[in-house]
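**Q** Got a structure here, written out as structure tokens. Questions coming.
What follows is calculated from the coordinates using simple rules that are stated; it is not laboratory data. Predicted model, so just to flag it, every value in this text is computed and none were measured. Cβ coordinates were reconstructed from backbone atoms using ideal geometry, including for glycine residues, and neighbour counts include every protein chain displayed.
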Amino acid sequence: MTAIATVQETPATAAPAGTSVVLEATDIVKELGHGAGKVRALKGVSLALNTGELTLLMGPSGSGKTTLLSILGCILSPTSGTLTVAGKPTTGLTPEALASLRRRHVGFIFQSYNLFPTLTAEENVRLALDVRGDRGSDAIVHAQRALHHVGLRHKLKSYPANLSGGEQQRVAVARSLVGAPSVILADEPTAALDSENGLAVMALLSQIAKDKSRAVLAVTHDPRTVPFADRILRIEDGLIVGEERRTEGVETVHELARNRKRKANA
Amino acid sequence: MTLTLAFRNLFHDRVRLAVTLVGILFSIVLVAVQLGLYLGARGMIISMIDRADGDLWIMAYGTKNFEEAQPIRARERYVALATPGVVSAVPLVTAFTDWRKPTGGSTLVVVIGADHEDGGLAPWNIVEGSVTGLGVRDAVIVDKTYLAELGIKGVGDTAQVGSSRVRVVGLTEGIRSFTVTPFIFTTLNRARSLIDMPADNITYVLTKVAPGADIEKVRADIRAKLPDSEVLTKAEFRTRSLNHWLFATGAGVALIGGAVLGLIVGTVIVAQTLYSSTKDHLSEFATLRALGSSSGYIHKVILMQAGLSAVLGYVLGMAIALTIVYLSEHTALPIVMSPGLAALLLGLTFAMCAISALSAIGKVMRIDPAMVFNR
Ligand SMILES: Nc1ncnc2c1ncn2[C@@H]1O[C@H](COP(=O)(O)OP(=O)(O)O)[C@@H](O)[C@H]1O
Ligand SMILES: [Mg+2]
């Protein structure tokens, strides 16, 4: 009886069978700025991320998506509310302890890729291992494997300036992936990409999310990304206003591809 | 990867790297020259005192340095010799006087007179002729460095000192004086006549103390018998000469001050370029922070950038400094580079770069890690 009641009270934490909660946020409030410019960007957000799922966080510009992502990734600390990442409560942790949590459990993907222009693709990926103290030939093997995984086997030694936007974002995906984090957080990963590259990156993210040990959250306001989602959270003005799970009614990735082909043939 | 990042950051902007290296070069070369001149000056100031074979120096009261000493009575030598524990006491004459060039005009010189058979102070580093040559009439030995200054070409040339004629019978190499006044080596008696010193006067008595004898006791005994003179150990006379030339005249202070100034300017330039480099790469440092790097990791990148600049700057700076040292070798003011000075410069370069890194580190510590996101 008790267990069912709990689930009903906080539906966001109900993980589907075979998955588990790796990140849980409760009543997150975040105020930004000072004095007259103070903004309450988040007004009490609760959510949980499940392994094996690609969750999309959608909402209009300025609704607090990036702020929420920064808090979930332990880059910003909430004004109030609690956050647990990989079973570890983050309240009261020092900046160094939060950094340690990030390097072990969180992978980031950014809108503008944030690759190091002076490092090759392989070195960029390897950097994520290096900050954790993983060095040597193993690190090189892992970095190369991650780049193979995102289809950049032939671009290991290329510098970001010689890669297309789509390729750069795939390097960033490999970098977020290489340390096997429990959570991957992506902020507008397709916003800077054309439709074809954007879809490729989304396909990659949804494939990565199939891993039963990992949750993926992507912030977006791009409707093209919807078909890849297992679950969509809607945010408006600092509050979660809705949650949907993909049902039979929604076009799946494969249906979308079929439709695109049909359109192209017509 | 910290080293790779530091290296790439450094070489990413060649112009800034060039400015950084110029800053370090400027600093190292300036410090090397100033301290090298200091070492050179020090060597010149103490060379006579070091070369002269005397444990205790008897001299006129209030003598400030080797070159400028009032005469004392020649009999003080015998007083010293009669003191228990004294093995030998050798007279030495030095004084400033005028050298009249055969080509016309005159220049100030320091005449040094001693009889080499006594084992007092004889010219060294002789490249032409020999000390025994001083036995001939009018013979003097001079240093090659000062040939032009003395208006002569080499051995065999003559000039006039006071009312006497002198003939150069030998040349030394590298015996230079801090005052840029040429040294003229000759015998004791000839020196006296060149500077018009009475026969019963000398300038110093170089006293050797028997091995095992108590030097302080010997000194006290001599002092008791010669209350008008001063008796200094070799080390004391060295210190006194150095204090006079380097500190009382302000020359040493100027040299060391110049070195400190070089360090400050170098530090400011390196700090400036490192800071602006860090500012340019700030978004990368923010990304590193987002990727979970510790602040120590980021400091390491910046310090390595500073350290690499230091190594590059040191190597290039030393190359230039050694060239200057080489070129100055045969001038009147040689710049000296010693292993100790080279090590000191290396330490100073690293210290300078590490201090320079502080402002850049301060800058990254204030990064808002949320800048990784587009807002
Ligand atoms: N540093 C800041 N200082 C003050 N207000 C901020 C700051 N950053 C963001 N905001 C405000 O917080 C709100 C949420 O911003 P953000 O999370 O970036 O929204 P989104 O990513 O959904 O576009 C916006 O109203 C924005 O103007
Ligand atoms: Mg945003």
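**Q** Given the options B:Ser276, B:Ser177, B:Ser293, which has the most mean-square fluctuation in a GNM of chain B, springs set between C-alpha atoms less than 10 angstrom apart?
**A** Maximum fluctuation in the GNM of chain B, among the listed residues, is at B:Ser293.
**Q** Continuing with the same structure: Taking 0.36 nm per intervening residue step and subtracting the Cα-Cα distance, what contour gain separates B:Met371 from B:Val15 on full extension? Provide the component values of the computation, followed by the final result.
**A** Numbers: separation 356, 0.36 × 356 = 128.16 nm, distance 2.70 nm.
Stretched fully, the B:Met371-B:Val15 segment lengthens by 125.5 nm.
**Q** Using the Karplus curve 6.51 cos²θ - 1.76 cosθ + 1.60 with θ = phi - 60°, work out ³J(HN,Hα) for each residue of region A:81-86 in order, rounded to whole Hz, and write x for Gly and Pro.
**A** Per residue, the Karplus-derived 3J(HN,Hα) values read x, 10, 9, 10, 10, 6 Hz.
**Q** Mind checking which of A:Gly37, A:Gly18, A:Gly62 has the largest fluctuation in a GNM of chain A, springs on alpha carbons under 10 Å?
**A** With Cα springs under 10 Å in chain A, the top fluctuation among A:Gly37, A:Gly18, A:Gly62 is at A:Gly37.
**Q** Count neighbours as other Cβ atoms within 10 Å of each site's Cβ, and list the trypsin sites (Lys or Arg not before Pro) in region A:129-167 that are DSSP loop with at most 12 such neighbours. Intermediate results must be reported in sequence, preceding the final value.
**A** Values: sites: A:Arg132, A:Arg135, A:Arg145, A:Arg153, A:Lys155, A:Lys157; in loops: A:Arg132, A:Arg135, A:Lys157.
Answer by residue number: A:Arg135, A:Lys157.
**Q** How well do other chains shield peptide A:110-116, expressed as the mean number of their Cβ atoms within 10 Å of each residue Cβ? Kindly include the intermediate steps, with their values, before the conclusion.
**A** Details: counts 5, 4, 4, 1, 10, 2, 10.
Mean shielding by partner chains, rounded to a whole number: 5.
**Q** Across the residues of A:27-33, average count of Cβ atoms on other protein chains within 10 Å? The partial results should precede the final answer.
**A** Working: counts 0, 0, 0, 0, 0, 2, 0.
Neighbouring Cβ atoms belonging to other protein chains average 0 per residue here.
**Q** Out of B:Ala235, B:Leu308, B:Ala286, whose Cα points farthest toward the positive end of the dipole of chain B (charges: +1 Lys, Arg; -1 Asp, Glu; placed on Cβ)?
**A** It is B:Ala286.
**Q** Still on this structure, please answer the following. So what's the net charge close to B:Val127: Lys and Arg +1, Asp and Glu -1, counting the other residues with Cβ under 9 Å from its Cβ?
**A** Numbers: positive: B:Lys144; negative: B:Glu128, B:Glu173.
Here the charged neighbours net out to -1.
**Q** Let me ask something additional. Just need the Rg to Rh number for chain B, please, alpha carbons only, Kirkwood Rh. Working shown, then result.
**A** Numbers: Rg = 28.9 Å, Rh = 24.3 Å.
Looking at chain B, the ratio lands at 1.19.
**Q** May I pose another question? Positive end of the dipole of chain B, charges at C-beta (+1 Lys, Arg; -1 Asp, Glu), about the Cα centre: which of B:Val127, B:Val336, B:Ala370 has its Cα farthest in that direction?
**A** Toward the positive end, the furthest listed residue is B:Ala370.
**Q** Now a separate question. Exactly which trypsin sites (Lys or Arg not before Pro) in region B:129-188 are in a DSSP loop and have at most 13 other Cβ atoms within 10 Å? Mind dumping the intermediate values first?
**A** Numbers: sites: B:Arg137, B:Lys144, B:Lys153, B:Arg165, B:Arg167, B:Arg176; in loops: B:Arg137, B:Lys153, B:Arg176.
In loop regions of region B:129-188 (DSSP not H, G, I, E or B), the sparsely surrounded trypsin sites (Lys or Arg not before Pro) are B:Arg137, B:Lys153.
**Q** Rounded to the nearest whole Å³, what is the per residue volume of the convex hull around the Cα atoms of region A:94-235?
**A** Expressed per residue, the convex hull around the Cα atoms of region A:94-235 is 116 Å³.
**Q** Taking H as built 1.01 Å from N, whose amide H comes closer than 5 Å to the amide H of B:Ile184, not counting residues under 5 places away?
**A** Placed amide hydrogens put B:Val110, B:Val111, B:Ile112 under 5 Å from B:Ile184.
**Q** Taking the Cα centre of region B:62-227 as the origin, how large is its charge dipole in debye, to the nearest 20, when only Lys and Arg (+1) and Asp and Glu (-1) carry charge on their Cβ atoms?
**A** Values: 19 positive and 18 negative charges, 48 e Å.
Value, rounded to 20: 220 debye.
**Q** Fewest Cβ neighbours within 10 Å first, please rank A:Val125, A:Val131, B:Val140 accordingly. Please report the intermediate quantities before stating the final value.
**A** Details: A:Val125 32, A:Val131 23, B:Val140 29.
So the ranking, lowest neighbour count to highest, is A:Val131, B:Val140, A:Val125.
**Q** Right, next: Taking each residue of A:84-90 in turn, how many C-beta atoms of other protein chains fall within 10 Å of its C-beta, and what is the average? Could the numbers behind the result be given before it?
**A** Numbers: counts 0, 0, 0, 0, 0, 0, 0.
Counting other chains' Cβ atoms within 10 Å and averaging over A:84-90 gives 0.
**Q** Between B:Ala60 and B:Ser276, what's the calculated FRET efficiency when r is the beta-carbon distance and R0 is 51 Å? Round to 0.05. Let's see the in-between values first.
**A** On the way: r = 61 Å, r/R0 = 1.20.
Efficiency, from the Cβ-Cβ distance: 0.25.
**Q** Let me understand the protein assembly as shown better: what is its radius of gyration from the alpha carbons, and its Dmax, in angstrom?
**A** Gyration radius and largest Cα-Cα distance of the protein assembly as shown: 41.2, 128 Å.
**Q** Could you give the C-alpha radius of gyration of region B:62-227 expressed as a fraction of 2.2 N^0.38 Å, taking N as the number of residues it contains? List each step's numbers first, then the result.
**A** Details: Rg = 16.8 Å, N = 166, 2.2 N^0.38 = 15.3 Å.
My calculation over the Cα atoms of region B:62-227 gives 1.09.
**Q** Along the charge dipole of the protein assembly as shown, pointing to its positive end and built from +1/-1 on Cβ of Lys, Arg, Asp and Glu, which listed residue (B:Ser163, A:Ala209, B:Val33) has its Cα farthest out?
**A** Of the options given, the answer is A:Ala209.
**Q** Could you state the angle between the C-alpha long axis of helix B:215-225 and the longest principal axis of the C-alpha atoms of chain B, as a value from 0 to 90 degrees rounded to the nearest 10?
**A** 40 degrees
**Q** Pairs A:Lys88/A:Lys210; A:Lys38/A:Lys65; A:Lys43/A:Lys88; B:Lys64/B:Lys208: which exceed 19 Å Cα-Cα? Kindly include the intermediate steps, with their values, before the conclusion.
**A** Details: A:Lys88/A:Lys210 23 Å; A:Lys38/A:Lys65 17 Å; A:Lys43/A:Lys88 23 Å; B:Lys64/B:Lys208 22 Å.
A:Lys88/A:Lys210; A:Lys43/A:Lys88; B:Lys64/B:Lys208, as the Cα separations exceed 19 Å there.
**Q** So, one more: Suppose only helical runs count, i.e. DSSP H with n ≥ 4. What mean residue ellipticity at 222 nm does that imply for chain B under -39500 (n - 2.57) per run, divided by all residues and rounded to the nearest 500 deg cm²/dmol?
**A** Values: 11 runs with 186 residues, N = 375.
Helix-only estimate at 222 nm: -16500 deg cm²/dmol.
**Q** Further, regarding this structure: Taking every pair of distinct Cα atoms and averaging 1/r, then inverting, what Kirkwood hydrodynamic radius in Å comes out for region B:229-299?
**A** Working: mean 1/r = 0.0598 Å⁻¹.
After inverting the pairwise mean of 1/r, the radius is 16.7 Å.
**Q** Explain nothing, just the number: relative contact order of chain B, from Cα pairs under 8 Å at least 6 residues apart, as a whole percent. Provide the component values of the computation, followed by the final result.
**A** On the way: 682 pairs, mean separation 109.5, N = 375.
Over chain B, the number comes to 29 percent.
**Q** Looking at region B:62-227, send over the antiparallel percent of its DSSP beta bridges, to the nearest 5. It would help to have the intermediate numbers written out before the result.
**A** Values: 26 of 35 bridges.
Of those bridges, close to 75 percent are antiparallel.
**Q** If each residue's Cβ is checked for other Cβ atoms within 10 Å, how do A:Ile140, A:Ile75, B:Ile24 rank with the fewest at the top?
**A** Details: A:Ile140 16, A:Ile75 24, B:Ile24 27.
The most exposed by this proxy come first: A:Ile140, A:Ile75, B:Ile24.
**Q** Right, next: What dipole magnitude, in Debye to the nearest 20, does the protein assembly as shown give about its Cα centre under +1 on Lys/Arg Cβ and -1 on Asp/Glu Cβ?
**A** Values: 64 positive and 55 negative charges, 265 e Å.
Once rounded to the nearest 20, the dipole reads 1280 debye.
**Q** Moving on to the next point. Quick one: net charge around A:Glu31, please, counting Lys, Arg +1 and Asp, Glu -1 for every other residue with C-beta under 12 Å from its C-beta. Please list the in-between numbers first.
**A** On the way: positive: A:Lys30, A:Lys38, A:Arg40, A:Lys43; negative: none.
After counting each charged neighbour, the total is +4.
**Q** Explain nothing, just the number: dipole magnitude of chain B about its Cα centre with +1 on each Lys and Arg Cβ and -1 on each Asp and Glu Cβ, in debye rounded to the nearest 20.
**A** 1000 debye
**Q** A follow-up question, please. Does anything in region A:65-103 have its amide N under 18 Å from the 7 Å Cα→Cβ label point of A:Arg40, and if so which residues?
**A** Output list for this probe position: A:65, A:67-68, A:78-82.
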